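Written out below as structure tokens is the structure these notes cover.
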Amino acid sequence: MIEWIISILLLIGGGFILVGSIGLVKMPDFFMRLHGPTKATTLGMALLLIAAMIFLSTTQIGLSVKEILISLFLLLTAPISGYMMIKSAIHHKLDSIERTTGKDNIEDDV
Amino acid sequence: MLETVILIVFAMIGVSLLLNLWRLLIGPSIPDRILALDTMYINTIALIILYGMSMGTELYFEAALLIAMLGFVSTVAVCKYLLRGDIIE
Amino acid sequence: MRLEAKFKWLPTPYRSLLLFAVWLLLNNSVSAGHILLAVTLAVVIPLATSPFRTKQPLIIKPGLAFRHLMLVLYDIITANIQVAILILGPNKKLTPGFVKVPLDLAHNMPITILASTVSLTPGTVSAELYPWRECLAEGKEPEKRFLLIHVLNLEDEQALIKTIKERYEAPLKEIFQC
């Protein structure tokens, strides 16, 4: 039973990580590429670490909850690194694709 | 069954690492490459955790935590360099 | 908004709790020695670092903060499934866009939390906070702030702004009372 839960969590997590990387390759401009890694990969990692936690807690002697630390850390840092990257992209005036609306909302930086 | 599933997930993460490497090589701009590197280190953490699972040990956990911290700091440092031309002002 | 904690010797109560939990998690044990060491660290580190930290608003309603955290976690999971479907679908259907959201929050700390929640939830990434801090005179606070966000698939701009303001900003205003 526990083996089934671990397997399903692992597969869903791996699937999310794969979706994030597919988004990274497939999307046409930088701002759309950013959506895959910041969201899908982070959730995929969280699911994978939960699976590892259940696996190590049931097979090793005693409880192992260290993996929560990594998923917490990734959940906290993913938005910040995403923010830094989109800020540097705006600073370098990267092109977004034609049909992007509201481009005049971007103000010139100093 | 679990061994097979771990192998399948290994393959999935390997494919996503290859996709990231493709984006790192073709660019076209520097922020794109930083994004690809950022995704690559997260996927590496996933690989290390999976390896620890298949070996049945939690010794590799500390390595994963260190990679997570160093990767975040290096991403922010490179972005800061792009923004200001200087890391520490 | 309250900046000072109730007790002088415990400047940031929730961060002390976090330090305590992180130490126990890192060592993966609840033996008496580790608990003693964790309590010492959780009291000493905030005291030692408080002189060189700028004062941040404290959480006034912890119950509401916990409920908001649960809501955000639930939203992260549902939003991720939506984004995964959008990413795997055809590119031509997507209509990306930049949206400017007017903010009611005034302090930096709640704005940072709001920007991070926006980045992790439905198809949006926060990009920039206007007006630029460098454009302002030293020590002067702007009257109105805007958050620039990038949306993967923009359908209704007004509805999106309304969702962000009601679902994520209003609870933060309540939690920090500012």
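Laboratory data are not the source of any read-out in this text; all were calculated from the coordinates shown. Remember, it's a predicted structure, so these values are computed and weren't measured experimentally. Reconstructed Cβ throughout: ideal geometry from the backbone, glycine too, with neighbour counts over all protein chains shown.
Averaged over the residues of peptide B:25-36, the number of Cβ atoms from other protein chains lying within 10 Å of each residue's Cβ is 5.
Highest average first, the peptides B:52-59, C:49-56 ordered by how many other beta carbon atoms sit within 10 Å of their residues are B:52-59, C:49-56. Its Cα gyration tensor gives chain B an equivalent ellipsoid. The semi-axes, each the square root of 5 times an eigenvalue, are 30, 18, 5 Å from largest down.
Protection proxy ranking of B:28-38, A:12-22, by the mean of other Cβ atoms within 10 Å over each peptide's residues and highest first, is A:12-22, B:28-38.
Against the longest alpha carbon principal axis of chain C, how many degrees, from 0 to 90 and to the nearest 10, is the axis of helix C:62-88 turned? So the inclination is approximately 40 degrees. Taken about its Cα centre, the range B:2-84 carries a charge dipole of roughly 420 debye when the Cβ of each Lys and Arg holds +1 and the Cβ of each Asp and Glu holds -1.
How many lysine pairs does the range C:62-176 hold where the Cα atoms are under 17 Å apart and the two sit 8 or more places apart or on different chains? Taking the range C:62-176 as the scope, the lysine pair count is 7. Axis of helix C:108-120 versus longest Cα principal axis of chain C: the two differ by about 60°, to the nearest ten degrees.
For the protein assembly as shown, DSSP calls about 95 percent of its internal beta bridges antiparallel.
Computed over the alpha-carbon pairs of the range A:4-110, the distance histogram in 10 Å steps reads 14, 34, 27, 16, 8, 2 percent, short to long. To test your reading of the geometry: what angle, between 0 and 90 degrees and rounded to tens, separates the Cα axis of helix C:13-27 from the longest principal axis of chain C? The two axes meet at around 80 degrees.
Hey, any idea what Rg/Rh is for chain C, computing Rh the Kirkwood way over Cα pairs? Using only Cα positions, Rg/Rh for chain C is 1.05. By definition, a body whose alpha carbon gyration tensor gives a ≥ b ≥ c is oblate when a/c is 1.5 or more and a/b is not larger than b/c, and the protein assembly as shown fits this oblate description. Legend: mean number of C-beta atoms from other chains within 10 angstrom of residue C-beta atoms, peptide A:45-51, equals 4.
Remark: mean inter-chain Cβ contacts per residue of B:41-51 equal 5, using a 10 Å Cβ-Cβ cutoff to other protein chain atoms.
Measure up A:LYS93/C:LYS55; A:LYS66/C:LYS61; A:LYS66/A:LYS93; A:LYS87/C:LYS8 against 31 Å on the Cα-Cα distance and list the ones that go over. In this structure, A:LYS93/C:LYS55; A:LYS66/A:LYS93; A:LYS87/C:LYS8 lie more than 31 Å apart at Cα.
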